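Data first, discussion second: the structure below is written as structure tokens.
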Amino acid sequence: MFGRAGKARNIVLVWLIWPLLTLGIYHLVWYYKVNREARDFDERIEVSPVLALLAITLGWFVIVPPFVSVYNTGQRIARMQESAGLRPPSCNPWIGLILLIVAALYPLYHQHELNQIWERYQNPEEGAQVPLVS
């Protein structure tokens with residue numbers, strides 16, 4: 001079984017620099033892309049990137065959806081790590097959830113965990129096919 005590789009990104013750029021320069025728009029694009037990468041990496045991971053994005057934007061009106069979405073994204077990253085053969089997975093969805101509350105630091109953590117997957121494959125080109133562990 002094969003999946004499509006995502007993009008290794010600089011964690012500080014993802015968390016602070018690009019969101020500041022784009023007035024927060026980059027964060028939304030990044031969140032969509034991370035969830036799309038999870039779906040494209042392993043077809044067994046079910047996620048709608050659009051719904052995940054809506055949960056962290058419009059979901060704030062209901063309060064709960066952003067927390068659920070960030071937790072679920074952490075679970076998806078852990079499943080991606082397992083599919084890449086990184087066992088046990090190092091991504092803990094609870095840490096991402098706690099970091100959401102602490103100055104929205106979860107992009108730092110989530111991107112770091114994603115970068116471990118791409119490093120395992122020796123940083124393939126985005127979209128390249130990579131083998132998955134069953």
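Go ahead and run the numbers for FRET between ILE17 and ALA103, Cβ-Cβ distance against an R0 of 25 Å, rounding to 0.05. The formula returns an efficiency of 0.95 here.
Result for the chain in a Gaussian network model with C-alpha springs under 10 Å: among GLN111, GLN81, GLN122, the largest mean-square fluctuation is at GLN122.
In plain terms, the residue of THR22, THR73 with the fewest other Cβ atoms within 10 Å comes first and the most crowded comes last, giving THR22, THR73. The relative contact order of segment 60-108, computed from alpha carbon pairs under 8 Å that lie at least 6 residues apart in sequence, is 32 percent.
Computed packing ranks the peptides 56-62, 8-14 as 8-14, 56-62, most packed first, by mean other Cβ atoms within 10 Å. Here the Karplus curve 6.51 cos²θ - 1.76 cosθ + 1.60, taken at θ = phi - 60°, turns the phi angles of segment 118-134 into couplings of 5, 5, 4, 8, 6, 6, x, 5, 4, x, 5, 6, 10, x, 10, 8, 5 Hz, with x standing for Gly and Pro. Stretching the chain fully between MET1 and PHE61 yields a gain of 17.6 nm (0.36 nm per residue, less the alpha carbon separation).
Taking the number of Cβ atoms within 10 Å of each Cβ as an exposure proxy, the fewest-first ranking of HIS27, HIS110 is HIS27, HIS110. Here the chain yields Rg over Rh of 0.95, to two decimals, using C-alpha coordinates and the Kirkwood radius.
Across the chain, the mean sequence separation of Cα contacts (distance under 8 Å, 6 or more residues apart), normalised by length, yields a relative contact order of 36 percent.
Readers should treat all values here as calculations from the given coordinates under stated rules, not as data from a laboratory. Fair warning: this is a prediction, and the values are worked out from it, not measured in the lab. Virtual Cβ from ideal backbone geometry, glycine too; neighbours counted across all protein chains shown.
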